[in-house]
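J.: What follows is a structure written as structure tokens; I'll ask about it next.
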Amino acid sequence: MKIRTGFVSNSSTTSFCIYGAVINENTMLESLKKLVEDGVIKNESVKTMIKDDSFDVYEMEKVFEEHEVDLNIYHDYDSCMIYLGKSPTSLKDNETGKEFKTSIENCIKNIIKSKNLEYKWYAEEIQS
């Protein structure tokens with residue numbers, strides 16, 4: 001039997017391709033804080049994330065479902081960046097590319113109030 005003495009990693013990667021935007025955790029938390037203050041989000045786990053100043057992608061997925069936000073969310077823990085968008089496979093048969101992109105941009109703008117977002121295609125692989 002061979003015993004490995006070097007570095008062993010049990011991490012995995014997630015690959016994805018989306019049209020959308022990327023933001024940092026702080027921007028996301030600030031946007032969520034504003035939505036909670038405005039009464040849009042009443043979810044207690046989001047309030048806890050804001051209070052603890054820590055982002056939890058799994059709780060955000062639940063919030064997106066509760067509020068019928070049709071976006072995929074990916075969290076790169078190494079860079080503290082969050083990818084929001086949709087896969088090209090979710091393009092509807094009767095939807096143009098422009099309509100697809102516009103609907104995603106509008107959805108993100110309802111959550112993130114920053115004017116500095118760059119909307120584009122992202123093909124990434126992140127540690128999960």
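J.: Among the residues of the range 78-90 satisfying the criterion of being part of a strand (DSSP E or B) and in contact with a helix residue (DSSP H, G or I) (Cβ under 7 Å, 6 or more places away or on another chain), which is surrounded by the fewest Cβ atoms within 10 Å (Cβ to Cβ)?
T.: LYS86
J.: Restricting to the range 91-128, name every residue that is modelled with pLDDT under 95, surrounded by 12 or more Cβ atoms within 10 Å (Cβ to Cβ), over 19 Å from VAL63 (Cα atoms) and of a type outside the set (A, V, I, L, M).
T.: Once the filter is applied, which keeps residues that are modelled with pLDDT under 95, surrounded by 12 or more Cβ atoms within 10 Å (Cβ to Cβ), over 19 Å from VAL63 (Cα atoms) and of a type outside the set (A, V, I, L, M), the range 91-128 yields SER114, GLU124, GLN127, SER128.
J.: Check whether at least one residue in the range 39-53 is in contact with a His (Cβ under 9 Å, 6 or more places away or on another chain), in a helix (DSSP H, G or I) and under 20 Å from LYS113 (Cβ atoms), and report yes or no.
T.: No, that holds for no residue.
J.: Among the residues of the range 94-118, write down those that are outside any helix (DSSP H, G or I) and touching a Lys or Arg at 6+ places or on another chain (Cβ under 7 Å).
T.: Within the range 94-118, LYS113 is the sole residue that qualifies.
J.: Is one or more of the residues making up the range 13-36 surrounded by fewer than 13 Cβ atoms within 10 Å (Cβ to Cβ), modelled with pLDDT under 85 and within 18 Å of the chain's Cα centre (by Cα)?
T.: The answer is yes; a qualifying residue exists.
J.: Can you find, within the range 75-117, the residue that is nearest to the chain's Cα centre (by Cα) among those that are basic (Lys, Arg) and farther than 14 Å from ILE23 by Cα?
T.: Going through the qualifying residues, I end up with LYS86.
The values are calculated or read from the model by the stated rules, or taken from the named source; none is laboratory data. These numbers were taken from a predicted model, which means no experiment stands behind them. As a convention, Cβ positions derive from the backbone with ideal geometry for all residues, glycine included, and neighbour counts pool all protein chains shown.
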